[in-house]
Structures are given as structure tokens and as C-alpha cells.
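Below you'll find the structure, written out as C-alpha cells, and then a few comments.
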Amino acid sequence: MDYAIEYYSDAVADKILALPDTLAARYVVLTRRMVAVGPNLGLPHTEAIGDGLFELGLKGQEGIARVFFCALAGRRVIVFHAFIKKSQKTPRREIETARMRMKEVKHADS
């Protein structure tokens, strides 16, 4: 049985669709793999941030992007937030945005 990928909001889905071409293409390849085999693709593709939050790393000609997600019961992967990296370290506010959204979804799901 495949996993289903859902988005926190239409705005998050739109932001991902608006990524530069090579980053969007990498997203499509990796999420197709997630649908087939599950969300844990391992490094360098996915990395645990903590408390059930994961980061999907995208690299392309136009730079690097990160997409935050979590896996829920019922083979659901919820995508919370995406951004293009401009520095070596992931900014704290980007992680906090994803954590806040994850809490909202988990609270509503219980």
C-alpha cells in the first residue's frame, strides 16, 4: 500500500510548485519515492529534525531547498513548510514554522 502525501495548506503546495525547475523536479522524484517506499529515504535525502519532524533536502542548479514534513498513522505524509536555503545552517524560524504547523495538525488529528 502506498503512502499519501498531503499539504498543510494550498499555500504550501503552491510554494513547492513555484520552486525553481531543478528543485521542483527533485521534489517530484523524491516524493514519488516516498509514496512507494515510505518517508524515511535516509541521508542525504531525508533527515530527522526531532519530535517527529523531518526535512527533505533538495539540491539543484538553482540552489538548495528544504521541505519539512511528518508521517502520521494511516501512511500519511504531511508537508508543512518549504523554503530556499540562503545560508549553511537552516534558520531557526523556518524550523519553528514547521513545528508549529505540525502541532496544529497532530492536535486536530487526535
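The values are calculated or read from the model by the stated rules, or taken from the named source; none is laboratory data. Keep in mind that what you see is a predicted model, and the values were worked out from it rather than measured. All Cβ positions, glycine included, derive from the backbone under ideal geometry; neighbour counts span all protein chains shown. For accessibility, only protein heavy atoms count, side chains too; no ligands or nucleic acids. Shrake-Rupley method; radii C 1.70, N 1.55, O 1.52, S 1.80 Å.
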Scanning the stretch 65-83 for residues that are touching a residue at least 40 places away in the same chain (Cβ under 8 Å) and among the aliphatic types (A, V, I, L, M), the one nearest to R93 (Cα to Cα) turns out to be A82
Residue set K89, K103, K59; condition open to solvent by 40 Å² or more (accessible area, probe 1.4 Å), among the basic types (K, R) and part of a strand (DSSP E or B); output residue K59
When every residue in the stretch 1-33 that is among the aromatic types (F, W, Y) and open to solvent by 30 Å² or more (accessible area, probe 1.4 Å) is compared, the one farthest from R99 (Cα to Cα) is Y3
Of those in the stretch 62-73 that are part of a strand (DSSP E or B) and over 14 Å from F83 (Cβ atoms), the residue least open to solvent (accessible area, probe 1.4 Å) is C70
Of the residues in the stretch 34-54 that are touching a residue at least 12 places away in the same chain (Cβ under 8 Å) and assigned to a helix (DSSP H, G or I), the one that is most open to solvent (accessible area, probe 1.4 Å) is A36
